[in-house]
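Below is one structure; the comments refer to it alone.
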Amino acid sequence: MDVTGTLSISGSALSAERLRLDVIASNLANASTTRTPEGGPYRRRNVVFAPEAMDSDFASTLAALGPQGAREGVSVQKVVEDQSPFRMVYDPGHPDADKDGYVAYPNVNPVAESVDLMAATRAYEANVQVVNATRRMAEAALGIGG
Amino acid sequence: MDVTKIGVPPIGAPTPAAPGAPAAPASGAGSFGTVLKDSLAQVNQLQQQADGAIKELATGGTATLHDTMLAIEKAELSFRLMMQVRNKIIDAYQEVLRMQV
């Protein structure tokens, strides 16, 4: 059914934004984490989105032949680490301080994370609006002749 | 006007598929009953998917909130489409019943 395809596209976007929210939550939760299993402080993480063709099975691919690329969902291709320098804070008493007394704190900027958080929330809401619009269009179609 | 041009095969048209065997959905030439049965099965499948998603969500499985809502939405829309088709069939049936002989 055509409508369910549109809903699947929006669903993939909702899932992607949820994962982005998880990454932002991790960044904020680890804003002061100075030691990780890999050594060194926590590095800020970021998501990379990539388009994803929604027609998974062959029959629907055949049915959708014609306008290629019109049905592209989104998926999180990978989670990358931000390679910007760490924040150095002078704190000689800290167990993770270097020989000069400086502690490397994560390169997480809480203000920037808050802005990303708002962007993710708005993007999620926008995709919910698409779902609602799809629903309204389907309801209008069902009202034909009635 | 040729009604058969609309795409729905005429009721009672001879079906090329073997009787009893479910027609391939891509053939597009099943009888009216087969089409109806197929769409009913699809509605049922979507309802079961929605049920499964709700269960998964309630038991703390891997389902997310929006996936569950989308499954419910798909099930509801397909159900309403089925109800509209049913209304049309009943209307046509009653129209035939009212026919003067």
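Report, by residue number, each residue of the range B:27-59 that is surrounded by fewer than 15 Cβ atoms within 10 Å (Cβ to Cβ) and under 12 Å from the mean Cα position of the chain (by Cα).
The answer is B:33, B:37, B:38, B:40, B:41, B:44, B:45.
Taking into account only those residues within the range A:72-121 that are assigned to a loop (DSSP other than H, G, I, E, B) and aliphatic (A, V, I, L, M), which is farthest from residue A:5 (Cα to Cα)? Even if it seems obvious, please write down each step before you answer.
Residues of the range A:72-121 that are assigned to a loop (DSSP other than H, G, I, E, B), as a first pass: A:82-86, A:91-101, A:106-109.
With the extra rule that they be aliphatic (A, V, I, L, M), the set shrinks to A:97, A:108.
On the way: A:97: 54, A:108: 38 Å.
Looking at residues that are assigned to a loop (DSSP other than H, G, I, E, B) and aliphatic (A, V, I, L, M), I get A:97.
Quick one: which of A:21, A:7 is assigned to a helix (DSSP H, G or I), touching a helix residue (DSSP H, G or I) at 6+ places or on another chain (Cβ under 8 Å) and surrounded by fewer than 19 Cβ atoms within 10 Å (Cβ to Cβ)? Write out each step before concluding.
Numbers: A:7 fails: surrounded by fewer than 19 Cβ atoms within 10 Å (Cβ to Cβ).
Every option except A:21 fails the conditions.
Identify all residues within the range B:47-101 that are more than 10 Å from every other protein chain (Cβ to nearest Cβ) and outside any helix (DSSP H, G or I); write none if there are none.
Matches in the range B:47-101: B:59, B:60, B:61, B:62, B:63, B:98, B:99, B:100, B:101.
Six or more apart or on different chains, Cβ under 8 Å: which pairs go from a residue in the range A:127-146 that's loosely packed, with under 11 Cβ neighbours inside 10 Å to one that's among the polar types (S, T, N, Q)? Could you list them?
As it stands, the answer is A:146/B:84; A:146/B:87, since those pairs meet every condition given.
Being away from every other protein chain (no Cβ under 14 Å) and outside any loop (DSSP other than H, G, I, E, B) narrows it down to one residue among A:31, A:13, A:50; which is it?
So the residue among A:31, A:13, A:50 that is away from every other protein chain (no Cβ under 14 Å) and outside any loop (DSSP other than H, G, I, E, B) is A:50.
Working only within the range B:60-71, note down all residues that are buried (at least 18 other Cβ atoms within 10 Å of the Cβ) and among the small types (Gly, Ala, Ser).
B:71
Is it true that residue A:68 is at pLDDT 90 or above, of a type outside the set (A, V, I, L, M, F, W, C) and surrounded by fewer than 16 Cβ atoms within 10 Å (Cβ to Cβ)? If you could, list the steps in order and put the result at the bottom.
Details: at pLDDT 90 or above: no; of a type outside the set (A, V, I, L, M, F, W, C): yes; surrounded by fewer than 16 Cβ atoms within 10 Å (Cβ to Cβ): yes.
No: the conditions fail for residue A:68.
If the requirement is being at pLDDT 90 or above, more than 30 Å from residue A:15 (Cα to Cα) and of a type outside the set (Val, Ile, Thr), which of these qualifies: B:91, B:2, B:38? Walk me through it before giving the result.
Numbers: B:2 fails: at pLDDT 90 or above; B:38 fails: at pLDDT 90 or above.
Of the residues listed, the single one that is at pLDDT 90 or above, more than 30 Å from residue A:15 (Cα to Cα) and of a type outside the set (Val, Ile, Thr) is B:91.
Criterion first (touching a strand residue (DSSP E or B) at 6+ places or on another chain (Cβ under 6 Å) and either over 30 Å from residue B:87 (Cβ atoms) or more than 14 Å from chain B (Cβ to nearest Cβ) (or both)) does residue A:101 satisfy it? Break it down stepwise before answering.
Numbers: touching a strand residue (DSSP E or B) at 6+ places or on another chain (Cβ under 6 Å): yes; either over 30 Å from residue B:87 (Cβ atoms) or more than 14 Å from chain B (Cβ to nearest Cβ) (or both): yes.
Yes.
The values are calculated or read from the model by the stated rules, or taken from the named source; none is laboratory data. Keep in mind it's a predicted model, so treat the numbers as computed, not measured. FYI the Cβ positions are ideal-geometry reconstructions off the backbone, even for glycines, and counts take in every protein chain you see.
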